[in-house]
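**Q** One structure coming up, written as structure tokens, with questions to follow.
The values are calculated or read from the model by the stated rules, or taken from the named source; none is laboratory data. Keep in mind that what you see is a predicted model, and the values were worked out from it rather than measured. Every residue, glycine as well, gets a Cβ built from its backbone with ideal geometry; the counts of neighbours run over all protein chains shown. Side chains are part of the model used for accessible areas, which takes the heavy atoms of the whole protein and leaves out ligands, DNA and RNA. Shrake-Rupley method; radii C 1.70, N 1.55, O 1.52, S 1.80 Å.
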Amino acid sequence: MDAKEPSPPAADARSAKFQPIRSARAFEEIAQQIRGELSQGRLKVGTRLPSERALSEQFGVSRNTLREALRSLEHAGLIRLQKGASGGAFISGRSGDAIATGLMDMYHMGAIQPAQLTEARIWLESILVREACARATPADLEALAANIDAAEEALRRDDFPARAATNLEFHRILARMTGNPIMVIVMNGVLNVLAEFIGQIGHEENAYVLPSRRRFLKHLAAKDADAAAAEMESSLKRLQRSYLSKVGEDAAQEAPAAAPAAPRKAAAKAPAEKPTVKAAAKSATRAAKTTR
């Protein structure tokens, strides 16, 4: 989670033009009007909205309806509700949190599977690497080198949580190097879900990761985008196979308990010793005739 935002100075919201609401789903129209004022530039990040009383009068709705609209905007990351004498509803600059939260919810509900998660990460990383290679500054390269050193130190301490977090931060740094907030937001969301997944499958010994990072950094410093992208893709695909094989092993261990019991008659006829290849072939032929 991001650190709590400092209270911004109150901004003037009097230029916002809100209209009375006549819709049956008033809270949705309220939220839509506030979004419209944002898009028109009459509301900006840090702006403090009028009081609940003033807003409810402008929209012509009850305070309960207004609060429902404000809560929906808060969940979407567009506003921040602050309590106290200096509190109120403030336009927030952290709307990207909603994307990260949505991806995490999809993962928890099973709408995003591990194979899809790791695949999407590889695709995104390919774009990030090429842009980072073109835009890398000496400060960026130093940050990546320091990250690799920190990961090696965590490895020496056998501190798996610190090593996992440091390795993921490497990719967050790459995303920030693109200078594109959309890529930063999307990549952060994917990496948050990946961190959850890694925490669930547990400790992994991936000795090839740090040497690969060193090679990648050399390609990046040389601005060799093809070599950097190839190095990153090779490492991530190897990690993907490692992660998914572990998920597969866990599923295989649970499979016997979930599998239906074999019919008793078939079990009685089954030979006690391992069938020969010839016997297995005859059995397969009989099964094929039965299903025709």
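**Q** Residues with amide H under 5 Å of ILE21's amide H, sequence separation 5 or more or different chain, H placed in the peptide plane at 1.01 Å from N; which?
**A** The list, which skips near neighbours in sequence, is GLY60.
**Q** Can you give the extra length, in nm with one decimal, that the chain gains between ARG35 and ALA120 once fully stretched, where that is 0.36 nm per residue apart less the Cα-Cα distance?
**A** Length difference between fully extended and current span is 27.6 nm.
**Q** May I ask you to order 166-176, 81-91 by the average number of other C-beta atoms within 10 Å around their residues, highest value first?
**A** 166-176, 81-91
**Q** Of all the accessible heavy-atom surface of region 96-220, with the other protein chains kept in place and a 1.4 Å probe, what percent is carbon and sulfur?
**A** Carbon and sulfur atoms account for 60 percent of the accessible area of region 96-220.
**Q** Same structure again: Between region 151-186 and region 38-80, what's the alpha-carbon centroid distance in Å?
**A** Using only Cα atoms to place each centre, the spacing works out to 36 Å.
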